[in-house]
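Asks: Below: one structure in structure tokens.
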Amino acid sequence: PLALDRPSGDPPIGVLVVAGVESELLDVRTTLTTLAEQSALAVERFSLSQEINRQDSEAYFRTLVQNTSDVILILDAGERVRYASSSAVPVLGYPTLEGRRLTDLVPPEDSQTVVRMLADMRAHGWKDRREHWRVLRSDQTRIEVEVRCSDLREEPTVGGLVLTLRDVTERRQLERELTHRAFYDSLTGLANRVLFEDRTGHALTRGRREGSVVGVLFVDVDDFKVINDTLGHGVGDELLVAVSLRLSTTIRASDTAARIGGDEFAMLTGDSMSPRDVETFADHVIEAFREPFKLTSGMVNVSVSVGIATTEDSDDAAELFAHSDLALYSAKTAGKGQWRRYKPELQTNLIERHKLQESLDATNVETSFAVRYQPIVELPTSNLVGFEALVRWPHSTRGVVLPEQFIALAEESGQIVPLGAWVLGQATSDAAGWRREGARRAYEDDLPPAPLYVSVNVSARQFRDAGFVDMARRALESSGIGPETLVLELTESVLMSRGDNVLECMKELTDLGIRIAIDDFGTGYSSLSYLREFPIKILKIDKSFIDGLGVSNQQYALIEGIVNIAETLGIAVIAEGIENTMQRDLLASMGCPLGQGYLFAQPMNSTDAESLVHSSQRLGLL
Ligand code: C2E
Ligand code: MG
Ligand code: MG
């Protein structure tokens, strides 16, 4: 017998059966008795530990249910809550849930779905099904829950449908944010590059199916870097947001506007009939920037350059994007606030540009360039008052290369610094020559010498160079001309670019007696406040304004306004690019004092300039 040797004399819990040859078994009888006793103990211990385990795990699960933040609900046959774990109170906010209908716990619009699901669950006896619901808390806020549903009606201890609800509101929110971040730009809320590429892919597929034209616009904010550097990144960010809003107003619901990075945006338009429609869209985009931006720091005028690519040239997403980038580059080179459409030649232009850059890098500044001089005249009399020095690059194989083609390259490589210094040296020494000659002639003819001056263009990069003022001083010294003979032309972007230092530098130059002109006025920020803030003596109105003279009354009024303001501030105005007498006469009639343009003369070499100095003194120009 498997007997437990206890004083209480418990009945044996079983028997140990041993079979064998009787005589041999008798020999081991006592051993077998001991074995049976041991076995009885072992069996008892085993069942005991099973019981302990069972009790332990029950207690364990009870604790789990009570402490978990998961809400466990057991539903009765009428879909009412029969049991709710204690975690229901903090999660759902109701003091008690027992007796409530489950449908009362979900938003009204979801209750149908929930009813259907519960019916399915009863019909199919689901054991572990996962769902995603929205649940109404007692304070009517909505939370998102992950629901595990088990049909435990057959389970005697449960006898109902069991729902385990886990609050995943925060997690879902985070997931949504992460997804959003992966596809949207965090500053402007526009699509990012990833989403833009994806949308382009879809648009291309649709375009192929429907035979429509897909267009990509690459949009870049002109001179954004200047604004960012001068007014600070806060203003820069504010502007980017404003720009993105402005861009969004130009698109239809089916189009996409995206921020690609920095001040670069891209726009996708899907269902155009022809590339011409895409160009019209680009017109709208550029037009949208006519209005200034009202930022917390004040009003800012901003334009954008746009590169266009359409499926006419490629229907590969990456290629389309590369095309628009190339077109943007060409738009930028053409000036601000314009669009250019991709043309296969642009590809060759780019290669051409590289070659030009290489050639420029290899040139000797001292021996490879030439300076031409274009007369500046008094408008009412056509009398010569000075010359603007314009650099040329006579190239062995390309003929004469114009500054438009290489100044930007020289700025990029930094070569503009020695080149600019060379032009300044050349111009001042030529001016010294004309003055000597002019003085001699004037003396012979008993006339007062004409106060001729030379005007030299200075690029932003040169002006930023620390040694600029010294260089200008040396040019005056070595040529021997007086400072009143030298004018330096700066563009508005220089004024924008370095705040106090720019002002400092300009003051030093003015203290030397050198006059400063603002070139291409009207093409950049055209803030009239510059005229007051900076020591500017001359304002050159850009050719694009003069072109509109006689064409638009508005343009006339605008130029007249600039001329009047400049006059009250004691600033001389030069109208650039006068090509016909009508323009000249209109300008003269509104009181614009000075002019320059092909009507009077094309840029000429120093010898011709010198002859002109003589003739103009006696004959007057034209
Ligand atoms: P800018 O300073 O505005 O010079 C005027 C430009 O307009 C010159 O072109 C001149 O030839 C041109 N122009 C003058 N009158 C007329 C006209 O009636 N009709 C037309 N269509 N054009 C006219 P250019 O010489 O090609 O110079 C272009 C620009 O290159 C200049 O514009 C200036 O910003 C820059 N540049 C020229 N020389 C230098 C230089 O030595 N240093 C620097 N940093 N920039 C220079
Ligand atoms: Mg100029
Ligand atoms: Mg100009």
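The values are calculated or read from the model by the stated rules, or taken from the named source; none is laboratory data. If you're wondering where the values come from, they're calculated on a predicted model, not measured in any experiment. So basically every Cβ, Gly included, is an ideal-geometry build from the backbone, and we count neighbours across all protein chains shown. For accessibility, only protein heavy atoms count, side chains too; no ligands or nucleic acids. Shrake-Rupley method; radii C 1.70, N 1.55, O 1.52, S 1.80 Å.
Asks: Residue by residue through segment 487-504, note down the ones that are buried (at least 19 other Cβ atoms within 10 Å of the Cβ) and away from ligand 2 (no atom under 14 Å from the Cβ).
Replies: The answer is Leu495, Met496, Ser497, Val502.
Asks: Determine whether Ser529 is over 30 Å from Phe468 (Cα atoms) and open to solvent by 10 Å² or more (accessible area, probe 1.4 Å).
Replies: no
Asks: Among the residues of segment 557-583, what is the count of those that are open to solvent by 50 Å² or more (accessible area, probe 1.4 Å) and either closer than 30 Å to Arg392 by Cβ or modelled with pLDDT of 95 or more (or both)?
Replies: Selection size over segment 557-583: 4.
Asks: Please go through segment 514-545 and pick out each residue that is out of contact with any Asp or Glu (no Cβ under 9 Å at 6 or more places or on another chain) and either modelled with pLDDT under 85 or within 10 Å of ligand 1 (Cβ to nearest atom) (or both).
Replies: Passing the criteria: Leu528, Ser529, Leu531, Arg532, Glu533.
Asks: Please verify whether Val43 is modelled with pLDDT of 85 or more and either within 30 Å of Thr157 (Cα to Cα) or surrounded by 10 or more Cβ atoms within 10 Å (Cβ to Cβ) (or both), treating the condition exactly as stated.
Replies: no
Asks: Checking Ser429 against (1) outside any helix (DSSP H, G or I); (2) modelled with pLDDT of 95 or more; (3) open to solvent by 30 Å² or more (accessible area, probe 1.4 Å), which test does it fail?
Replies: If we test Ser429 against (1) outside any helix (DSSP H, G or I); (2) modelled with pLDDT of 95 or more; (3) open to solvent by 30 Å² or more (accessible area, probe 1.4 Å), just (1) comes out false.
Asks: A follow-up question, please. Does segment 546-561 hold any residues that are in contact with a Gly (Cβ under 7 Å, 6 or more places away or on another chain) and more than 12 Å from ligand 1 (Cβ to nearest atom), and which are they?
Replies: Gln555
Asks: Still on this structure, I have one more. Pick out the one residue from Arg340, Arg372, Arg353, Arg435 that is part of a strand (DSSP E or B), crowded, with 16+ Cβ neighbours inside 10 Å and more than 16 Å from ligand 3 (Cβ to nearest atom).
Replies: Criteria check complete, one pass: Arg340.
Asks: Next question. Working only within segment 478-497, note down all residues that are away from ligand 1 (no atom under 13 Å from the Cβ) and either acidic (Asp, Glu) or not assigned by TED's automatic domain parsing to the domain that holds Gly386 (or both).
Replies: Glu484
Asks: Scan segment 119-136 residue by residue and report those that are open to solvent by less than 30 Å² (accessible area, probe 1.4 Å) and touching a helix residue (DSSP H, G or I) at 6+ places or on another chain (Cβ under 7 Å). Lay out the reasoning, then the answer.
Replies: Of all residues in segment 119-136, those open to solvent by less than 30 Å² (accessible area, probe 1.4 Å) come to 121, 125, 133, 135-136.
Correct list: Trp133, Val135, Leu136.
Asks: How many residues does segment 137-159 hold that are of a type outside the set (Val, Ile, Thr), open to solvent by 60 Å² or more (accessible area, probe 1.4 Å) and out of contact with any Ser or Thr (no Cβ under 6 Å at 6 or more places or on another chain)? Lay out the reasoning, then the answer.
Replies: Of the residues in segment 137-159, the ones of a type outside the set (Val, Ile, Thr) are 137-140, 142, 144, 146, 148-156, 159.
From what is left, the residues that are open to solvent by 60 Å² or more (accessible area, probe 1.4 Å) are 139-140, 142, 148, 153-156.
Okay, now just the ones that are also out of contact with any Ser or Thr (no Cβ under 6 Å at 6 or more places or on another chain), so 139-140, 142, 153-156.
Here the count works out to 7.
Asks: Please work out which residue is modelled with the lowest pLDDT, limiting yourself to segment 253-277 and to residues that are of a type in the set (Ser, Thr, Tyr) and buried (at least 17 other Cβ atoms within 10 Å of the Cβ). Can you show your working first?
Replies: Quick first cut of segment 253-277, residues of a type in the set (Ser, Thr, Tyr) only: 254, 256, 269, 272, 274.
Within this subset, residues satisfying the condition of being buried (at least 17 other Cβ atoms within 10 Å of the Cβ) are 256, 269, 272.
Working: Thr256: 95, Thr269: 95, Ser272: 90.
Across segment 253-277, the extreme among qualifying residues is Ser272.
Asks: Return the total of residues in segment 376-392 being under 36 Å from the mean Cα position of the chain (by Cα) and more than 10 Å from ligand 1 (Cβ to nearest atom).
Replies: Qualifying residue count, segment 376-392: 0.
Asks: Related question: So Ala408 passes all but one of these: (1) small (Gly, Ala, Ser); (2) open to solvent by less than 30 Å² (accessible area, probe 1.4 Å); (3) within 16 Å of ligand 2 (Cβ to nearest atom). Which condition number does it fail?
Replies: Single failed check for Ala408: (2).
Asks: Is it true that Tyr556 is of a type in the set (Ser, Thr, Tyr) and within 16 Å of ligand 3 (Cβ to nearest atom)?
Replies: Judged against the criteria, Tyr556 is not a match.
Asks: Is there a residue in segment 48-69 that is modelled with pLDDT of 85 or more and not hydrophobic (A, V, I, L, M, F, W, C)?
Replies: Scanning segment 48-69 turns up no residue that is modelled with pLDDT of 85 or more and not hydrophobic (A, V, I, L, M, F, W, C).
Asks: Among (1) modelled with pLDDT under 90; (2) within 16 Å of ligand 2 (Cβ to nearest atom), which single condition is Gln554 missing?
Replies: Just one mismatch for Gln554, condition (2).
Per-residue answers, yes or no, for (1) at pLDDT 95 or above; (2) more than 16 Å from ligand 2 (Cβ to nearest atom); (3) within 27 Å of Val221 (Cα to Cα):
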{"site": "Gly335", "(1), (2), (3)": "no, no, yes"}
{"site": "Leu346", "(1), (2), (3)": "no, yes, yes"}
{"site": "Val365", "(1), (2), (3)": "no, yes, no"}
{"site": "Gln374", "(1), (2), (3)": "yes, no, no"}
{"site": "Asn383", "(1), (2), (3)": "no, yes, no"}
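Asks: Also: Could you tell me which numbered condition Glu388 fails, if it satisfies all but one of (1) of a type outside the set (Gly, Ala, Ser); (2) crowded, with 16+ Cβ neighbours inside 10 Å; (3) assigned to a helix (DSSP H, G or I)?
Replies: So Glu388 meets the others, but not (3).
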